[in-house]
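Structure first, then comments.
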């Protein structure tokens, strides 16, 4: 059984590693996209309009959700990790699903494995409602797969 101090230190290192990944990702992505402007082609606009119609929102809401998806995904993942009592592992899954209704972005991902008290881990799926206005993960639900 781990001591409380050891749990605290491992939690601090986990949060610090997420912060480093977040920093590196955004600093590198800004270098790659610096000076580049994204122009929407007719096909991209048609695809966005279809996706927005499927979600039942305007194209502006769809684009806002798409633009803020990375921010919401990171905040939701951190909120889900806080629910892991014994620790977690990353799956490396690329299956991120999302939906927006204008002011709330719903993010669903299966990128985490939660550990139990015996050291075994189980894959989980988390669903998160992220407020685009307050930039906070409002509701986080974690389920076994």
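Coordinate-derived values only; no laboratory data. These numbers were taken from a predicted model, which means no experiment stands behind them.
Assorted remarks:
- Remark on the stretch 38-144: Rg and Dmax equal 15.8, 55 Å (Cα only).
- The reciprocal of the average 1/r between distinct C-alpha atoms defines the Kirkwood hydrodynamic radius, which for the stretch 52-115 equals 12.8 Å.
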